[in-house]
Structure formats: structure tokens, C-alpha cells
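Below you'll find the structure, written out as C-alpha cells, and then a few comments.
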Amino acid sequence: MEPLYQYVWLIPVLPLTAAMIVGMGLISVNQYTNSLRRVNSVFIISCLGMAMGYAFALLWSQIHGHEAVTYTLEWAAAGDFRLMMGYTIDHLTSLMLVIVTTVALLVMIYTDGYMAHDPGYVRFYAYLSLFSFSMLGLVMSPNIVQIYIFWELVGVCSYLLIGFWYDRKPAADACQKAFVVNRVGDFGLLLGILGLYWTTQSFDFEIMGHRLVDLVGSGEVSGWLAALFAILVFLGPVAKSAQFPLHVWLPDAMEGPTPISALIHAATMVAAGVFLIARMYPVFAPIPSVMNVIAWTGAFTAFLGASIAITQNDIKKGLAYSTISQLGYMVMAMGIGAYSAGLFHLMTHAYFKAMMFLGSGSVIHGMEDVVGHNPVLAQDMRLMGGLRKHMPITASTFFIGTLAISGIPPFAGFWSKDEILGLAFAANPALWVIGWLTAGITAFYMFRMYFSTFEGDFRGNDGTIKQQLLAAVGISPEPNFGPGAMNVKELESEDHGDHHHAEFPHESPLTMTLPLLILAIPSALVGLVGMPFNNYFAEFIYPAGEIVEHHEEFNLQEFLIMGGNSVGIALIGITLASLFYLSRKIDAGAIANQIKPLYNLSLNKWYFDNIYQSVFVVGLRRVARQVMEVDYRVVDGLVNLTGFFTILSGETLKYFESGRVQFYALIIFGAVLGLVVVSGIS
């Protein structure tokens, strides 16, 4: 084996080593480790930087035709059972390694500015490094068991990072919600893995797929059972990639620091679900019913997320629902057999959505100097406006991301989204209609976000709006410890009136703006590798011997019609957004009042949270109380009754244990006499 592939294990081990060293320092010499803030961050960033360089070398090798490499060793054995662990490097893995390491590295650089004054700065970097290890291990896994192990490690890191500010109740609640919802999907994934092993006797993706097809074809396994196992496996991606009906955790996850929203909940971890669907394609693809479930789940999720994002006023929540919608596009693409299109959108979305999330963090960082450290005020777009004048770099990069996600050529999102829509039309026109309408809604709500945040007049100094916003959520106007670069001692000075807020926001420091500028490059240009008339991405992602999708020759007329339709609906959305939120020629409030039921449906997130609260939270608590009553009155009652009879019999019998032989003889005589009498009567 070549040295380049022989030491591939270093890619995940480097960030793991950094996390372990810093973590051990935090546990053993906490104060000293925390005092070396910059040393620790540079060490962790350097380790990930080396991993990123290695990942690019592997991608370059794979692009130039190196065959896929898989290395495994026996991890556990019992009888005929053998469980292998190791790594696999193919075209998909090398691509994912580059995406994860580049986004993670830029997020870590950004974190230095965003979390500059946070007392948990070093702990945050340790968590980031641990997550990077988990995600890199996941994409390198050669079988589904190893994927499941790293799948759970990624979930643990998500839990730790969402609840990073654990002293804030919303953050603590959000990480618990994410944990519980993901356990539902992961339990289904585990059952599916066990079911597939029971039928195929393998954890290898290709072997599972081929054997399942043979078993169903020979009649040894029924088609509905194979479909059931595949659907159970799909539940894992449904939860991890926030698909309906397990999408409710992702918007709440925005309670974590913004770098986490960019890394985990926009670019990498949520994409793990799409990655798993790609890896399990040999199992999913031969079962049409499963592919239909995947396609329609993705389509509905895409529309659902977009329809909710229209009315969100929290900038991070709006981007969260946008992420749900875009993940729906990827899942729909996988379901219709558009393997390369789904992965292409995964790549383009990772870069432009990470940039927009980091841009929102830059906005929040600037707003905190004006409105204080209250997340309700710092993240609400109704208090923003006109920020382009004060934060030109943030505004410019956010605008590039907005154009990309809206599907405006030649930005990255156009090429990947248009490819999905074109293939959806060929597979099922109904899916195309849903995707097409969602594209228009996406352009509308993203430009609503851009216009409300960066154009017009700044509204952050309007005390009336502040009071209304705080009153609406029942929060006092006192500052709270929350998101952003903040020194806790500032609270003391604010309480004594010594701290004065700025009149306008300011541009973020270089450590925050540099990652935005770097991410703007792939957001604008990376789509060019997947142009339909010269699709290098599709050629690369289909290595010889793997799944090959039917590619028709490029048809310019068809491309212009389909591309024109997608750009046309996007331009309609942009025009409406400009009339509502830029020129203000149409009163958005008046329109909302005319369609109040639909507006409330969107504003209240289709009432999914309310339904889940009533059915599962309140309902399960009611069931738990009933179970507790049964446990208290029946189970405990039987145990207590047994104890009572034991005590009663003991208390009674102790009077017969006098220790006198004459008394025992009398008892024996009485017993014999009784037996004689009874036998005589009978």
C-alpha cells in the first residue's frame, strides 16, 4: 500500500489527539489550561490543518484515477461472526473529507473572534476538535457498524455543543430535545442494521445490497420485510438530517453558539444523513417503495422548511429552516435516483450555508454592541436594517450566499438545485412542482432576510420595538449572558450604568471576516464543476464498478427551459421580497392579516411543536403518572402486603417459641389430638 493511503488513519486521529490533550488539561489543571487560550486554539487548529492538507492530497490522488483503498482488521470475533473495523478511501470519502476539514478549519478560525471573551473558550475548542474526529471517522467507515459508532459520537458532540451555555434554560432544553428526537431515529437505524445483518449476514454496504436482492428474488425473504429494514435504516438519516417528522430539533439547536450552527447544523453533521443514504444506496436503490418514501419525505420536508422560514424573525431560526428545506432537496434527489445531484447539492450547500451562518454570527456580534447581550434582541431582524453600511464585508458575503441558495446563475446553488429539479421532472412531475415552488419560496424568504438585515434604515436604537419584542416573549429588558463574544464582567458594569452601548454595529474582526471571504469563493464558483454540459462532478463521483446513473446527452433546449423555469420562479420571489421589504410598496402586515390562518400556520411552525408537546411530552407524562400509580398501589402494594403478612406471622409465632420443652410437648399433643379428631370425623 502506498504511504499516502497507509497513514490515512492520521486524518481523524490528529483532531482526536488535540481534543484529548486539551481535555486532559482542562480536567487536571483547569485554570492553567484556560489561561493558555491562544496556545490551545492554535494547537487544535494546527492539528486540523494538517488533517485538511492530507484530505486534499487524497482527493487529488482520487481525481487522478487512484483505485479505492479499503483497509480492515478484525475487531471482534465469536464463532463464525467477524466484525471488521478500518477505513475506506474512495471518491465519496475523499470528497467528504475535504468538505468536513475545510469547513471545520474555517469555523475554528472564526471561533477565535466570536468566542474571544467567553470563559468556556478552551472547552469550546476541545468540543470542536472532538466533533471533527467523530465526523471524519464517520465518513471513512468501511461498514455500517463503524458508521453507527461514529454516528452516536457525532450525536454526543452535538448535544455538548448545543448545550454549551448550559446555564441558560433554552440551551439546556434544546440539547435535551435534540438528544431525544435523534434517539428515535437512531433506534430505528439500529433495528434496521440488525435486521439487515439477520437477513444478509454482512455489514458491508455492497454485500448487503447484492445479497438482499438475491434473497428477495429467490423468495427466501419477502419484499415487504426487506422494505421494512430499509425504512428503519432510513429513520437514522430522517433524524440526523432533520427530515419530517423528526425535524423539530434543528431550529431549537440554534441556542448553541453560532460557529456550531455553521459547522454541525448546516454543513457537516446534518449532511451525515444524506451521506448515509448514499452509502446505503446498494440497499435502497433496488427497492422502489423505499425510494418513493425517501423522495416524498425529502420533497415534503423541502416545502415544509421553506414555508416556515417565510415568517421567522430570528435570523438564525430562519437559516435553520432554510437548512431543513435544502436537506429536503438532497434527500428528494437521492429518492429519485439522482445520486450525483444530491451529493453535488450537499457540497455546494455546505459552503454557502456555512458562510451565511457565520455571517449571521457576525451580525449578532455587531448587534450586541447596540442592544446588549440579550439573544432575543441581538438575533431579531426587526431590530436590524441598514447594516450594509456598517458591516460591508459581512453584507457582501451574505449577499453572495443569498444569490447562491436562491439559484441565481452562475452561483453554486443554481447548478446543483437546477440539476435536482431537472431530474425530478423526469422522474415525477409532481415532485418537480413541489421543488419548483419551494425554489421560489426560498428566493423570497432569503431576500426578505437580506433586505431586513442589511438594507433600509437601522432600527436597533428604537426603544419601542425593543420593549415590544421583549414583552412578546415575556423577558425583562435586563441583559442576559448569551451568544456572542462577551466578557461576563461587562454585566457588572452594565448594572452600575458604566457600560454604554454603541449607536451602530461595527464590522467583525479579521478572524471572523476572513473565513467569510474564503467561503465566498466556493459559494460562487464551486458549482462550475457540475455544469450539465461538462459535469466533472458526476464523472468523479461515479468511480468504475460502483452505481452508475443513466446520463443522457446534454440537451441545450431542455436545459434552457428547465433552468429558465427555476431562475424565473426565483426572480419572482426576489421581486416580491423587494416590494415587501425593500421599497415597502406592499404592506406585508396587511397581506398577513388577509391570510391569517396561513400566516399563523407558518409562524407557529405548522404547530408541530405544539402537537408533539401535547401528544408526546404531556401525554407520556400522563402515562408515566398512571404507571407510577400502578407501581405504587399494585406492585408496591403486593410487596408491602407480603411484608405485612411476614411481620404478622412472625409476631404471632414468636409467642410459641418459649424455649420450654413441656410447652412444645403440649403443642405436639394438641396437634396429634387434632389429627385424630379430624380422621375420626372423616
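The values are calculated or read from the model by the stated rules, or taken from the named source; none is laboratory data. A quick note: this is a predicted structure, and the numbers were derived from the prediction, not measured. Methodologically, a virtual Cβ is constructed for each residue, glycine included, from the backbone with ideal geometry; neighbour enumeration extends over all protein chains shown. All accessible areas refer to the heavy atoms of the entire protein, side chains included, with ligands and DNA or RNA removed. Shrake-Rupley method; radii C 1.70, N 1.55, O 1.52, S 1.80 Å.
Quick notes on this structure:
- Whole-percent carbon and sulfur share, accessible surface of the range 41-93, 1.4 Å: 64
- Estimated distance in nm for a label pair at F554 and M50, the labels positioned 7 Å out from Cα along Cα-to-Cβ: 4.3
- Modelled label positions at F645 and Q176, each set 7 Å beyond Cα in the direction of Cβ, lie 4.2 nm from each other.
- Dipole-positive endmost among W415, S141, T199 within the chain (Cβ charges, Cα centre): T199
- Computed extension length for A430-L517: 27.5 nm, one decimal, from 0.36 nm per residue of separation with the Cα-Cα distance subtracted.
- Candidate residues V139, V181: accessible-area rank, largest first, probe 1.4 Å: V181, V139
- Measuring nothing but protein heavy atoms, the accessible surface of the range 280-414 at 1.4 Å probe radius is 65 percent carbon and sulfur.
- Taking every DSSP helix (H) stretch of at least 4 residues in the chain, weighting each as -39,500 (n - 2.57) and dividing the sum by the residue count yields a mean residue ellipticity at 222 nm of -23000 deg cm²/dmol.
- Cα shape, the range 64-156, gyration tensor, a/c 1.5 rule: oblate
- Ranking W249, W415 from most to least accessible surface, computed with a 1.4 Å probe over the protein chains only, gives W415, W249.
- Gain in span if fully extended, W60 to D167, counting 0.36 nm per residue against the direct Cα distance: 34.0 nm
- Probe 1.4 Å, all protein chains present, accessible-area order of M208, M84, largest first: M84, M208
- For the pair N610 and I591 in one chain, pulling the backbone fully straight at 0.36 nm per residue adds 4.3 nm over the alpha carbon distance.
- Student exercise, the chain dipole from Lys, Arg, Asp, Glu Cβ charges, in Debye to nearest 20: 1140
- Selection from L10, A430, V370 lying farthest towards where the dipole of the chain points positive, charges on Cβ: V370
- Prolate/oblate/rounded label for the chain (Cα gyration tensor, a/c 1.5): prolate
- Global form of the range 1-89, assessed from the alpha-carbon gyration tensor, a/c cut-off 1.5: oblate
- For a label point 7 Å along the Cα-to-beta-carbon line of V617, residues of the range 149-171 with backbone N under 15 Å: 169-171
- For the range 615-666, the list of trypsin sites (Lys or Arg not before Pro) that fall in a loop by DSSP and count at most 11 other C-beta atoms within 10 angstrom reads R660.
- Helix runs (DSSP H) in the chain reaching 24 Å along axis by Cα, Kyte-Doolittle at least 1.6: 10-28, 144-162, 223-240, 661-681
- Placing pseudo-labels 7 Å out from each Cα toward the beta carbon at V676 and L10 gives an inter-label distance of 10.1 nm.
- Accessible area per residue, Å², the chain with all protein chains present, probe 1.4 Å: 43
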